[in-house]
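Trainee: What follows is a structure written as C-alpha cells; I'll ask about it next.
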Amino acid sequence: IGQASNVTYVAAASPKSGIKTLDDLKALDVVKGGMAALTDTAAVGALAAADTLGFKLEPVSHSGSTEAILSAIRGDTQFVQFPYGSLEKYIVNSTDLVPLWVYSEERLPSLPDVPTIVELGHPELLDVVSLRRMIGTTPGTPEEIVNVLRDAFAKAMQDPELLKQMNDGLMEPKYEDAATTLENVKAQKE
C-alpha cells in the first residue's frame, strides 16, 4: 500500500567509556553493546553495522530499550544504537550519552556536529539499519480494493493533523507510494 515513516537510528556511547568516534570503537578489543533483544531491528542493525564498520560488538541483552539505554548511561555497557526518538532526550542538550553518528544522508538539525553514516563512508548501511513503517494487505486482495486502500493511505499521509501527531511522537513521517515501498522491501531483503 505504501510507507508511512522511515525512522532514523543513532549510534551512541556511554560517556564513561571515553568513546567519542568510530576510531575509538575500532581501537577496543571488544565493545559491550546494550540491546533490548537480539532479534529486534536495533540489535540486528547494531551487529551488522559493527561487522561492516570493523569493531567487535559483544551483545548484552536487556528486557527492553529503556533498560539497555540506562545500562549505557550507567557505564555498564559502552554502546547503544536505537531510533532517534528513543535516544533524543539522552543526546540532545544532554550529556547522558555521546552521539557517535546518525543513519541518515544528512545531518540532523538537532545534532549538527554528529556525522552521518554516509559521511563515514558507509551509505550501504542506510538500508540495513532502518525501520520503515510500511502498510500492506493480504496477497490476492482484488486490485480495485488495493487501489482504494492506496488512495486512502496517500490522502491520510497528507493530513496535517496526522502528520503533526506523527512528528510529535517522533515517528518521522515519510510517505512513499506502493512502487517505491516495494523497492524498499526488496532492498532491505537483500
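The values are calculated or read from the model by the stated rules, or taken from the named source; none is laboratory data. None of the values given here were measured: they were computed from a predicted structure. Cβ coordinates were reconstructed from backbone atoms using ideal geometry, including for glycine residues, and neighbour counts include every protein chain displayed. Note: areas computed on protein heavy atoms with side chains; ligands, DNA, RNA excluded. Shrake-Rupley method; radii C 1.70, N 1.55, O 1.52, S 1.80 Å.
Trainee: Can you give the helix-only mean residue ellipticity at 222 nm for the chain, where every DSSP H stretch with n ≥ 4 adds -39500 (n - 2.57) and the sum goes over all residues, rounded to the nearest 500 deg cm²/dmol? Don't skip to the answer; put the middle values down first.
Mentor: Values: 8 runs with 76 residues, N = 190.
For the chain, the value works out to -11500 deg cm²/dmol.
Trainee: Looking at the chain, what % of its DSSP beta bridges pair antiparallel, to the nearest 5? Before the final figure, lay out each step's value.
Mentor: On the way: 16 of 23 bridges.
For the chain, the DSSP antiparallel bridge percentage is about 70.
Trainee: Filter the DSSP H helices in the chain by two things, a Kyte-Doolittle mean of at least 0.5 and an axial alpha-carbon span of 15 angstrom or more, and list the hits by number. Don't jump to the answer; show the numbers that get you there.
Mentor: Details: long enough: 41-53 (17 Å, 1.33); 143-156 (19 Å, 0.18); 178-189 (16 Å, -0.52).
TM-like helix candidates: 41-53.
Trainee: If R0 is 45 Å, what FRET efficiency do you get for V92 and E144 from their C-beta distance, rounded to 0.05?
Mentor: Working: r = 46 Å, r/R0 = 1.03.
Efficiency computed from Cβ-Cβ geometry: 0.45.
Trainee: Show me 158-167, 7-16, 25-34, 52-61 ranked by packing, highest mean number of other Cβ atoms within 10 Å first.
Mentor: Working: 158-167: 11.5, 7-16: 22.4, 25-34: 17.6, 52-61: 15.9.
The densest-packed peptide leads the list: 7-16, 25-34, 52-61, 158-167.
Trainee: Same structure again: Based only on the alpha carbon positions, what is the Kirkwood hydrodynamic radius of region 50-118, in angstrom? Present the calculation step by step, with values, prior to reporting the outcome.
Mentor: On the way: mean 1/r = 0.0770 Å⁻¹.
13.0 Å is the Kirkwood radius here.
Trainee: According to a simple spin-label model (label point 7 Å from Cα along Cα-to-Cβ), what is the distance in nm between T137 and T66?
Mentor: Result for the modelled spin labels: 3.8 nm.
Trainee: Now for a separate question. With N set to the number of residues, divide the alpha-carbon radius of gyration of region 1-97 by 2.2 N^0.38 Å and report two decimals. If you can, show how the numbers build up before the last one.
Mentor: Working: Rg = 13.0 Å, N = 97, 2.2 N^0.38 = 12.5 Å.
Against the compact-globule rule of thumb, the ratio is 1.04.
Trainee: Here's another thing I want to ask about it. Taking the Cα centre as origin and putting +1 on Lys and Arg beta-carbons and -1 on Asp and Glu beta-carbons, what dipole magnitude results for region 97-190, to the nearest 20 debye? Could you put the intermediate results ahead of the total?
Mentor: Values: 9 positive and 17 negative charges, 43 e Å.
Roughly 200 debye, rounded to the nearest 20.
Trainee: Now for a different question. Just the number, please: carbon plus sulfur as a percent of the accessible area of region 126-190, 1.4 Å probe, no ligands or DNA/RNA counted.
Mentor: Values: 2550 of 4590 Å².
Carbon plus sulfur share of accessible area: 55 percent.
Trainee: How many angstrom separate the Cα center of region 103-165 from the Cα center of region 13-60?
Mentor: 25
Trainee: In region 1-83, with Lys and Arg counted as +1 and Asp and Glu as -1 at Cβ, which of these residues, I1, L70, A49, has the Cα nearest the positive end of the dipole, that is, farthest along it?
Mentor: L70
Trainee: Right, next: For G2, list long-range residues whose amide hydrogen, built 1.01 Å from N in the peptide plane, is under 5 Å from its own amide hydrogen.
Mentor: I135
Trainee: Among 43-49, 140-146, 111-117, how do they line up by average Cβ neighbours within 10 Å per residue, starting with the highest? Numbers along the way, then the final one.
Mentor: Details: 43-49: 19.1, 140-146: 9.4, 111-117: 16.1.
Put in order of decreasing packing, that is 43-49, 111-117, 140-146.
Trainee: Using only the alpha carbons of region 1-49, what is the convex hull's orientation-averaged projected area in square nanometres? Working shown, then result.
Mentor: Numbers: hull surface 19.4 nm².
With every direction weighted equally, the projected area is 4.8 nm².
Trainee: How far, in nm, would the chain grow between L182 and D29 when pulled straight, counting 0.36 nm per residue and subtracting the alpha carbon separation?
Mentor: Length gained, L182 through D29: 51.1 nm.
Trainee: If you don't mind, there's one more thing I want to ask. Using 1/(1 + (r/R0)^6) with R0 = 30 angstrom and r between the beta carbons of A152 and A48, what's the FRET efficiency to the nearest 0.05? Walk me through the numbers on the way to the answer.
Mentor: Working: r = 35 Å, r/R0 = 1.17.
The pair A152/A48 has a calculated efficiency of 0.30.
Trainee: Another one. Once all Cα-Cα distances of the chain are split into 5 Å bins that start at 0, what whole-number percent is in each one?
Mentor: Histogramming the chain at 5 Å steps yields 1, 8, 15, 18, 18, 14, 10, 7, 5, 2, 1, 0 percent.
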